[in-house]
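Data block below; observations after.
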Amino acid sequence: MTGLANSKGLETAEKYYAQYGARAIELKKEGRKVIGYMSALAPVEILTAAGVVPVRLKGFVDEAITKGDAYMESIICPFVRNAFDAAIKGRFSFMDGMVLPHQCDSIDRTNDVWSSYLNLPYWHFLNVPHVTDDPSIEFMKEILRVFIGTLEKFLGTKITDAAIAQAIKAHNENRRLMRGLYDLRKSNPPLISGVEMMKVLVAAMSIPVDESSALIRGITEDVKKRTAPADGNRKRIMIIGDQIDHTAIPESIENTGAWLVADDLSIGGKIYWPEVDETADPLQGIAERYLRKLKIPTTFVGDGNTYEENLEARFGHLKQRIAEFKVDGAILFIYKYCDPYGFEVPAMKSYIESGGTPVLYLEDEYSTSTLARVKTRIEAFLEMIA
Amino acid sequence: MAEEKKGRAVATQTAARIPKFVRGNLSATLKAKEEEKKVAKAFIADGQDEIMRAMDIVPAWGESFSGVCAAKRDAEKYLQKAESDNFSRSLCTYATCHIGFEMIREEQGGAMPEGAPWGGMGRPDMILGNGQLLCDPRFKWPQALQHYLKDVPVFITNMYYPPWDPNTDHHEQEKFYVKYCTEELRETVKFCEKVTGKKMDWDRLAAVVELSDKTWDLFVDTYDLRKAIPTPMDTGDAMNTMVPLTFNLGTQEAYDFYVELNSELKQKIAGGIGVADPEKYRLIWAAGLPSWFALNDFQYFNSKGAVFPVEVTYRGCEKIERLDLPKTNDPLEHIAWRWVRYWTHWYDAARKRHGSTPKVERIIEYIEDYKCDGAVFHSAFSCRSWHAGIINQADVLRKVYKDIPILIMEGDIVDISSYNEADTHNRIDAFIETLEAYKGKQKK
């Protein structure tokens with residue numbers, strides 16, 4: 001962003017983005033265990049309470065899948081395949097174990113593949129339900145207890161309710177801080193670009209929560225000092241999807257003359273808005289957040305009296321964010337072979353458009369090899385809404 | 001224009017009755033209004049069959065409808081309709097075919113789309129799904145469908161079973177899984193009572209559940225007859241004979257069908273009549289739904305002397321005694337125990353064989369029991385639920401059992417665009433050569 005001041009925090013985020021897992025490697029050398037996880041459904045509060053370093057697995061969008069295809073079918077989500085390929089090639093060799101939450105078929109049906117070929121000392125499949133009724137909350141608490149039990153056995157330490165409660169406070173604070181940074185995108189032009197924000201979000205997935213909070217705090221202070229010169233009439237874009245964890249798409253948007261000012265991604269808006277309630281039984285608050293507050297398509301929401309009520313419950317937060325961040329257009333970026341997101345497209349698209357916001361729906365791979373066509377579509381969309 | 005193929009020949013007379021069964025299920029959804037019954041768009045293998053049967057709710061099976069469209073090679077217009085509203089071609093084609101059909105009907109003000117197979121399927125009064133472990137479309141398809149059928153209420157049950165973990169004893173978790181499944185089934189009953197305005201007749205449900213158990217037992221006993229050499233029936237027929245178990249569970253008609261099939265198979269065995277003559281190779285259909293538009297491929301196998309005496313696909317039951325179900329007077333709890341134990345009863349065997357998995361253990365058991373020489377898998381591009389992890393199953397099978405010939409075929413369940421008959425037959429030919437070489441080595 002021309003004319004904007006630099007930031008030490010952003011340099012750190014850039015480092016953790018470019019050298020993903022670098023901090024986990026340092027902490028492992030100091031004797032900490034590193035547990036990897038997939039998806040927004042992993043209860044990071046429990047990993048933090050266990051004293052391990054939680055690292056969310058990512059893909060490497062500019063790297064071709066060269067080994068993973070020997071073990072995993074090409075009909076599986078391209079992001080999952082890419083992350084698995086990275087894992088099998090040793091990109092996450094610092095992990096002592098992994099937790100794989102049941103998000104979708106692409107994860108659930110490959111549990112055996114991950115566990116058998118990575119062969120890590122610790123492995124846990126967390127059987128998160130798809131529905132949110134009261135029996136499901138009780139069930140979620142049961143499976144969290146099983147998860148805690150297996151972690152305790154692996155680590156040889158007790159994970160107390162007090163430690164979980166403390167971790168909940170730390171993650172809630174982290175979420176508030178991140179939302180504070182998001183707030184700096186509400187101005188016109190935003191004080192932090194979509195590309196910079198992506199680096200912060202990715203960096204935050206790979207470091208302990210306290211370090212993440214310190215990093216975000218520092219970046220926020222630096223960014224607040226920026227003076228943003230008026231920059232014409234650039235369109236303000238929001239991106240919606242699951243795990244987009246690279247700068248290629250934000251760059252495609254911002255290099256085309258628009259600002260990426262908001263997102264509803266599973267590494268961003270989806271996880272930083274909902275907090276865990278501080279309940280007497282900490283697992284109650286965790287169960288409720290992951291089942292009832294996270295807005296992800298693998299959790300069925302449909303208890304409304306009318307279809308319209310269901311739509312509000314599923315997508316109402318999108319309209320709120322569009323209004324808060326003064327979004328001019330939304331890009332719905334869905335990976336190929338993704339049933340949970342793919343089946344949402346007509347409903348979500350028409351819901352957003354009904355509020356007057358144009359939507360570009362893109363279905364694509366997790367790869368920069370297809371970026372040229374994505375850029376072309378984005379350029380055409382921006383021209384259309386100009 | 002539909003490219004309807006000639007009906008596929010079946011080895012058993014009983015299997016030839018299946019089209020009537022399928023038509024009957026479709027027409028029941030159309031007659032339901034006259035009979036003042038409610039229609040539920042429902043899913044097979046979702047644990048809800050007996051609730052529907054006990055409450056006189058008529059199931060409208062979306063998978064069956066789409067499978068019929070595929071078999072008649074007439075699914076394309078529905079797939080294209082769904083695609084026109086941004087449903088990707090990479091999504092479950094059972095779902096997109098059915099959604100496309102419903103989209104057209106809604107646009108026509110409720111009039112049946114012209115040329116709908118076998119008279120089409122009735123408009124549902126409710127949509128039942130199950131966010132179970134194995135298939136995202138079981139809760140996303142109902143949600144997507146409601147976008148076009150806005151007045152139709154949706155209920156999603158959630159029935160899980162303990163996931164496979166070689167380091168964990170799943171028996172320790174069974175009770176809370178069964179409790180959860182039972183509660184979810186109770187919620188399903190409440191929803192059905194609300195939509196139908198009728199109360200559940202619990203004695204009737206108990207009787208339906210008992211009949212289902214008997215059907216499960218009879219199904220397995222009947223299929224076990226296929227162990228005979230030569231086998232009297234193979235997977236080509238089983239993709240038909242699965243219909244009563246899969247779509248009509250809890251009905252007397254389903255039970256009676258297997259009585260008849262059992263009798264016919266015994267007669268064939270007594271007469272030494274096999275599917276292939278001579279029977280040279282015995283194969284297991286180890287995983288994957290078939291390409292409904294290419295069921296003749298089974299006959300191509302048969303023409304080479306290869307038969308499938310056993311398949312994993314659509315064998316969605318087990319001898320009740322083997323599951324060792326705890327006694328309960330609550331039919332819903334019984335369904336829950338049966339569900340949890342069905343999905344987990346290969347776990348103990350898998351735990352005993354280092355590196356194995358329950359899915360592979362099941363395949364090994366069938367290979368041994370049915371004396372198979374090789375395994376065939378089918379990978380359908382639009383379905384992750386049954387087809388993701390097949391490479392792993394084949395790999396583990398080779399590692400923990402033996403290096404038997406394995407063929408992984410690729411295609412789809414409904415979308416014919418990916419299918420090439422000549423290529424498929426070439427691959428089968430090459431596999432037969434591998435089998436021949438393997439059998440030759442085994443004899444030495």
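The values are calculated or read from the model by the stated rules, or taken from the named source; none is laboratory data. Quantities reported herein were computed from a predicted structural model and do not represent experimental measurements. Neighbour counts run over all protein chains shown; Cβ positions are idealised from the backbone, glycine included.
Brief remarks on what is shown
- Complete set of residues in the stretch B:148-169 that are surrounded by fewer than 21 Cβ atoms within 10 Å (Cβ to Cβ), within 30 Å of B:TYR78 (Cβ to Cβ) and within 7 Å of another protein chain (Cβ to nearest Cβ): B:LYS150
- Lone qualifier among B:ALA82, B:ALA111, B:ALA116 - being farther than 29 Å from B:GLU187 by Cβ, surrounded by 24 or more Cβ atoms within 10 Å (Cβ to Cβ) and either more than 7 Å from every other protein chain (Cβ to nearest Cβ) or of a type in the set (Val, Ile, Thr) (or both): B:ALA82
- Test for B:LYS140: is it within 12 Å of chain A (Cβ to nearest Cβ), closer than 27 Å to B:THR182 by Cβ and either charged (D, E, K, R) or in contact with a helix residue (DSSP H, G or I) (Cβ under 6 Å, 6 or more places away or on another chain) (or both): yes
- Residue that is nearest to the other protein chains (Cβ to nearest Cβ), among those in the stretch A:299-320 that are in contact with a strand residue (DSSP E or B) (Cβ under 7 Å, 6 or more places away or on another chain) and in contact (Cβ under 8 Å) with a residue 40 or more places away in the chain: A:PHE300
- There is no residue in the stretch B:170-184 that is assigned to a loop (DSSP other than H, G, I, E, B), among the β-branched types (Val, Ile, Thr) and within 11 Å of another protein chain (Cβ to nearest Cβ).
- Listed conditions (1) on the phi > 0 side of the Ramachandran plot; (2) at pLDDT 95 or above; (3) not polar (S, T, N, Q) are all met by A:ARG32, apart from (1).
- Taken over the stretch B:12-42, the criterion of being touching a Lys or Arg at 6+ places or on another chain (Cβ under 8 Å) and at pLDDT below 95 is satisfied by B:THR12 alone.
- Of the strands (runs of 3 or more DSSP E) lying entirely inside the stretch A:40-132, the ones with 3 or more residues being at the interface with chain B (Cβ under 10 Å from one of its Cβ atoms) are found at A:122-126.
- Listed here are the helices (runs of 4 or more DSSP H) enclosed by the stretch A:159-261 that have at least 3 residues being within 20 Å of A:TYR366 (Cβ to Cβ): A:194-204, A:248-254.
- Elements of type helices (runs of 4 or more DSSP H) in the stretch A:325-386, at least 2 residues being hydrophobic (A, V, I, L, M, F, W, C): A:345-354, A:371-385
- Of the helices (runs of 4 or more DSSP H) lying entirely inside the stretch B:232-318, those containing at least 3 residues that are closer than 30 Å to B:VAL396 by Cα span B:235-247, B:296-303.
- Residue list for the stretch B:391-416, restricted to those being of a type in the set (A, V, I, L, M, F, W, C), crowded, with 24+ Cβ neighbours inside 10 Å and within 11 Å of chain A (Cβ to nearest Cβ): B:VAL396
- Tally of residues being buried (at least 18 other Cβ atoms within 10 Å of the Cβ) and either at pLDDT below 95 or over 15 Å from B:HIS334 (Cα atoms) (or both) across the stretch B:197-214: 1
- Checked against (1) within 12 Å of another protein chain (Cβ to nearest Cβ); (2) in contact with a helix residue (DSSP H, G or I) (Cβ under 8 Å, 6 or more places away or on another chain); (3) surrounded by 20 or more Cβ atoms within 10 Å (Cβ to Cβ); (4) not charged (D, E, K, R), A:ILE137 meets all criteria but (3).
- Residue in the stretch A:218-236 that is in contact with a Phe, Trp or Tyr (Cβ under 7 Å, 6 or more places away or on another chain), touching a residue at least 24 places away in the same chain (Cβ under 8 Å) and more than 16 Å from A:LEU382 (Cα to Cα) present: no
- When each of A:ALA228, A:ALA248 is tested for being at pLDDT below 95 and under 23 Å from A:LYS8 (Cα atoms), the lone residue that passes is A:ALA228.
- Selection status of A:MET178, farther than 30 Å from A:LYS224 by Cβ and more than 14 Å from every other protein chain (Cβ to nearest Cβ): no
- Any hit, the stretch A:280-298, residues being at pLDDT 95 or above, on the phi > 0 side of the Ramachandran plot and away from chain B (no Cβ under 12 Å): no
- Among the conditions (1) more than 9 Å from every other protein chain (Cβ to nearest Cβ); (2) touching a strand residue (DSSP E or B) at 6+ places or on another chain (Cβ under 8 Å); (3) within 25 Å of A:LYS293 (Cα to Cα), A:PHE154 misses just one, which is (3).
- Spans of helices (runs of 4 or more DSSP H) in the stretch B:17-127 with at least 2 residues over 25 Å from B:PHE257 (Cβ atoms): B:76-84, B:93-107
- Any hit, the stretch B:86-103, residues being within 30 Å of A:GLY97 (Cα to Cα) and buried (at least 21 other Cβ atoms within 10 Å of the Cβ): no
- Test: residue in the stretch A:328-341 that is within 25 Å of A:PRO101 (Cα to Cα), surrounded by fewer than 18 Cβ atoms within 10 Å (Cβ to Cβ), within 14 Å of chain B (Cβ to nearest Cβ) and not hydroxyl-bearing (Ser, Thr, Tyr): no
- Condition broken by B:SER379, with the remaining ones in (1) at the interface with another protein chain (Cβ under 8 Å from one of its Cβ atoms); (2) over 20 Å from B:HIS425 (Cα atoms); (3) surrounded by fewer than 24 Cβ atoms within 10 Å (Cβ to Cβ); (4) among the small types (Gly, Ala, Ser) satisfied: (2)
- Residue among B:LYS371, B:LYS443 that alone is at pLDDT below 95 and under 23 Å from B:GLY305 (Cα atoms): B:LYS443
- Every test in (1) over 19 Å from the mean Cα position of the chain (by Cα); (2) free of Cβ contacts under 8 Å to residues at least 60 places away in the same chain; (3) buried (at least 21 other Cβ atoms within 10 Å of the Cβ) is passed by A:ALA323 save one, and that test is (3).
- So B:ARG362, is it within 14 Å of another protein chain (Cβ to nearest Cβ), at pLDDT 95 or above, under 21 Å from A:THR110 (Cα atoms) and surrounded by fewer than 19 Cβ atoms within 10 Å (Cβ to Cβ): no
- A:TYR117 meets the conditions (1) of a type in the set (Ser, Thr, Tyr); (2) touching a Cys at 6+ places or on another chain (Cβ under 8 Å); (3) free of Cβ contacts under 8 Å to residues at least 60 places away in the same chain in every case but one. The failed one is (2).
- Only listed residue being within 25 Å of B:CYS135 (Cα to Cα), surrounded by 17 or more Cβ atoms within 10 Å (Cβ to Cβ) and in contact (Cβ under 8 Å) with a residue 24 or more places away in the chain, chosen from B:PHE308, B:PHE298, B:PHE293: B:PHE293
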